[in-house]
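Below is one structure, written out as structure tokens; comments come after it.
Please treat every number below as a calculation from the coordinates, not as lab data. Computed from a prediction, not measured in an experiment: that's the story for all the values here. Note: ideal-geometry Cβ built from the backbone for every residue, glycine included; neighbour counts use all protein chains shown.
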Amino acid sequence: MKEKKIELSFISGKLTELSVQEKQLVANAKSSLTTAYAPYSGFLVGASVLLDNGEIINGSNQENVAYPSGLCAERVALFYAGARFPDVKIKTIAVSVMSKNFKVIDVISPCGACRQVMAEYEDKQEQAIKVILHSPTDQVLIANTVESLLPFMFKSPLLKQH
């Protein structure tokens, strides 16, 4: 057996260091926290997706007493973008979080299901999707591709016969 290593690249910094467009996308994600429905966990998530036609699609997490019937903010925004603009590419997704039950001091990464959905859209459009993660303390972490968040992503070519 041979050990292999994966090198991942991220950019970390403050919200103030982002471009005007990226700050607006984060502001939309943060604003979407107000529409989150999280009576069980108290964990609010807002997501905003920037499409290459300039449209911005917002989403928030929606919980349900019958877990796991709810849906994460990232998937709400991505699925709506895919349904509303099926031929438009996704450039960037920004995610902002806060909790009613505990203090969040750092960025929180999307769950595995959301990462896989992001990976599917990235694979489908054959173009990287930038991911901006935002904390309540205005820290940001930027991944220039979903693969940085999910290095062993499940892709459809792995299922096709040759």
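How long are the semi-axes of the ellipsoid equivalent to segment 86-129, from square roots of 5 times the Cα gyration tensor eigenvalues, in whole Å, largest first? Walk me through the numbers before you get to the answer.
Numbers: eigenvalues 148, 22, 13 Å².
Calculated on Cα positions only, the semi-axes equal 27, 11, 8 Å.
For q = 0.14 Å⁻¹, what log10 I(q)/I(0) does segment 20-72 give under the Debye formula with an equal point scatterer on each alpha carbon and no solvent?
Treating every Cα as an identical point scatterer, log10 I(q)/I(0) equals -0.39.
Order of 12-18, 57-63 by packing, highest average Cβ count within 10 Å first?
Working: 12-18: 13.3, 57-63: 21.9.
Packing proxy ranking, top to bottom: 57-63, 12-18.
Relative to the compact-globule scaling 2.2 N^0.38 Å, provide the ratio for the alpha-carbon radius of gyration of segment 11-154. Walk me through the intermediate numbers first.
Numbers: Rg = 14.1 Å, N = 144, 2.2 N^0.38 = 14.5 Å.
My calculation over the Cα atoms of segment 11-154 gives 0.97.
May I have the extent of the alpha carbons of segment 1-40 along their three principal axes, as whole Å values ordered from largest to smallest?
Principal-axis extents of the Cα atoms in segment 1-40, largest first: 51, 34, 14 Å.
With labels modelled as points extended 7 Å from the Cα through the Cβ direction, what inter-label distance (nm, one decimal) is found for residue 12 paired with residue 31?
Calculated label separation equals 3.0 nm.
How about residue 23: which lysines have a C-alpha closer than 29 Å to its C-alpha, ignoring those fewer than 8 places off in the same chain?
14, 89, 91, 100, 103, 124, 130
Can you tell me the equivalent ellipsoid semi-axes for segment 29-107? Use √(5λ) from the Cα gyration tensor, largest first, whole Å.
24, 15, 8
List the residues of segment 24-64 whose backbone N lies under 18 Å from a point placed 7 Å from the Cα of residue 85 along the Cα-to-Cβ direction.
Once the point is set 7 Å along Cα→Cβ of residue 85, 24-30, 32, 47-60 turn out to lie under 18 Å by backbone N, inside segment 24-64.
Restricting to bridges with both residues inside the chain, how much of the DSSP beta-bridge set is antiparallel, in percent to the nearest 5? Each step should come with its number before you reach the end.
Details: 23 of 29 bridges.
Of all bridge pairs located within the chain, approximately 80 percent are antiparallel.
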